[in-house]
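The values are calculated or read from the model by the stated rules, or taken from the named source; none is laboratory data. The shown structure was predicted, so the numbers you read here are calculated from the model rather than taken from an experiment. Cβ atoms come from the backbone with ideal geometry, glycine included; neighbour counts cover every protein chain shown. Please note that ligands, DNA and RNA were not included when accessible areas were found on the heavy atoms of the full protein model with its side chains. Shrake-Rupley method; radii C 1.70, N 1.55, O 1.52, S 1.80 Å.
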Amino acid sequence: MAASQSQQGNWERRWHPLLSQWVIIAATTGNRPWNGAVVGGTQSENETPRHDPSCYLCPSNTRSNGTENPNYSGPFAFDNDYASFSPEAPTFRDDDSSPLMRRDSNLGRCRVLCWTEDHSKTLASISRENMHAVAKLWQNEYNTLCEESDIEQILIFENKGQEIGVSNPHPHGQIYATGFVGDTFSRLRESQADWTKQHNSNLLLDLIARPEYQDTLKIAENEHCIAIIPYFARFAYECWIIPKQTAQHIGQLNDAVLYDLADLYQQMAKTYNVLFQRESPNISLLYNAPCDDHPDNANWQFHIVMQPPLREPDKLKYLAGYESGSANIVNPVQPEIAAESLRQAFTAQKAQA
């Protein structure tokens with residue numbers, strides 16, 4: 001089912017139990033006449049070279065700061081040359097400053113994660129073995145960074161596609177490891193801890209055990225992981241991949257679970273390409289528990305969130321006036337309908353394999 005066929009009208013608010021906020025489901029907005037900007041597909045692999053001499057991330061090339069990349073094969077990671085956070089960040093005394101003029105250190109570390117040496121590939125098209133190596137890189141980077149005493153939160157993510165504003169098309173992701181716990185992570189931790197205190201159980205595992213997630217909201221699953229569209233999805237084709245066993249962070253996954261996670265992630269990346277009939281842009285977020293010493297970290301369930309910014313193959317989902325002003329997202333596609341579209345696309349990509 002094409003994305004444009006999956007829009008149905010309804011008007012309701014759905015509670016996001018992890019962010020403690022309402023999401024507005026208003027699928028009729030997807031049927032508005034559209035005279036705004038449209039976006040095209042990204043370059044295909046046939047048009048993209050396997051090695052680009054001008055790419056700062058390709059093997060053996062020299063980056064803009066003069067550092068030469070090794071002639072690597074498979075995943076490769078290094079400290080970001082233009083980091084947003086730094087272990088060298090200055091410290092400040094806040095003792096006598098005005099509460100209206102507070103500031104603090106921006107301690108942290110930023111890493112660049114190249115998925116493969118092949119400039120023409122994406123996580124949807126690398127080999128299964130390469131995808132497993134990427135998952136191992138995620139795990140190893142998390143385990144290493146969480147040992148640093150100044151690090152309290154580790155967000156592993158990928159911004160894919162020119163629509164996202166990616167500065168380099170080479171297949172890669174990033175890590176922002178920060179000396180503080182951010183607002184979203186604090187809210188996720190509090191919500192999951194509150195649920196555990198009230199129900200003596202795990203919020204996300206309770207969620208995927210509900211019949212709705214075993215039926216209308218499930219996209220696919222394998223032995224150890226499940227891919228779902230949340231009932232409270234904020235973006236049209238948002239997908240969550242959740243291990244079926246308790247795990248606060250990716251470092252706790254054994255190889256069997258980790259590789260099932262990688263397989264399902266790669267299959268979902270392929271599914272989006274089938275759904276949108278193009279190389280789909282995407283934002284992927286690996287939500288590990290904060291690595292500070294807060295006791296509520298024990299209630300966290302590791303999961304991956306995939307958020308393609310498209311509402312149609314050629315239309316982006318913009319966060320404009322109402323959503324920017326209120327922080328309540330309007331989803332133009334009913335999650336149950338989106339899940340059905342993704343199930344069909346998932347089946348189609350499996351048939352192509």
Could you tell me which residue of region 190-200 is farthest from SER105 (Cα to Cα), considering only residues that are open to solvent by less than 50 Å² (accessible area, probe 1.4 Å) and of a type outside the set (A, V, I, L, M, F, W, C)?
-> THR196
Which listed residue is over 21 Å from THR271 (Cβ atoms) and either surrounded by fewer than 15 Cβ atoms within 10 Å (Cβ to Cβ) or modelled with pLDDT under 95 (or both), from ARG187, ARG210 | ARG210
Output the residues belonging to region 119-138 that are within 15 Å of the chain's Cα centre (by Cα) and under 19 Å from ALA256 (Cβ atoms).
-> VAL134, ALA135, TRP138
Test: residue in region 314-324 that is open to solvent by less than 30 Å² (accessible area, probe 1.4 Å) and at pLDDT below 85 | yes
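In the list GLU190, GLU148, GLU163, GLU158, which residue meets the criterion of being in contact with a Gly (Cβ under 7 Å, 6 or more places away or on another chain) and of a type in the set (D, E, K, R)? Step through it out loud before you land on a result.
On the way: GLU190 fails: in contact with a Gly (Cβ under 7 Å, 6 or more places away or on another chain); GLU148 fails: in contact with a Gly (Cβ under 7 Å, 6 or more places away or on another chain); GLU163 fails: in contact with a Gly (Cβ under 7 Å, 6 or more places away or on another chain).
Being in contact with a Gly (Cβ under 7 Å, 6 or more places away or on another chain) and of a type in the set (D, E, K, R) holds for just one of GLU190, GLU148, GLU163, GLU158, which is GLU158.
Of all residues in region 314-353, how many are aromatic (Phe, Trp, Tyr) and assigned to a loop (DSSP other than H, G, I, E, B)?
Matching residues across region 314-353 total 1.
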Could you figure out which of (1) surrounded by fewer than 21 Cβ atoms within 10 Å (Cβ to Cβ); (2) closer than 30 Å to PRO49 by Cα; (3) at pLDDT 95 or above isn't true of ASN143?
-> (2)
Among the residues of region 238-253, count how many are part of a loop (DSSP other than H, G, I, E, B) and more than 18 Å from ASN282 (Cα to Cα).
-> 7
When residues of region 237-296 are limited to those that are more than 21 Å from GLN139 (Cβ to Cβ) and basic (Lys, Arg), the one modelled with the lowest pLDDT | ARG278
Taking region 92-134, which residues are among the charged types (D, E, K, R), open to solvent by less than 60 Å² (accessible area, probe 1.4 Å) and under 20 Å from GLY173 (Cα atoms)?
-> ARG109, ARG111, GLU117, ASP118, LYS121
Test LEU275 against the criterion of being part of a helix (DSSP H, G or I), in contact with a helix residue (DSSP H, G or I) (Cβ under 8 Å, 6 or more places away or on another chain), in contact (Cβ under 8 Å) with a residue 12 or more places away in the chain and under 23 Å from ARG210 (Cα atoms), and give yes or no.
-> no
Subset of region 149-163 [more than 21 Å from PRO75 (Cα to Cα) and either at pLDDT 95 or above or touching a strand residue (DSSP E or B) at 6+ places or on another chain (Cβ under 7 Å) (or both)] = ILE151, GLU152, GLN153, GLU163
What tally of residues in region 192-238 results from selecting those that are more than 22 Å from TYR272 (Cα to Cα), aliphatic (A, V, I, L, M) and more than 18 Å from the chain's Cα centre (by Cα)?
-> 5
If we scan region 76-86, do we find a residue that is open to solvent by 70 Å² or more (accessible area, probe 1.4 Å) and either assigned to a loop (DSSP other than H, G, I, E, B) or touching a Pro at 6+ places or on another chain (Cβ under 9 Å) (or both)?
-> yes
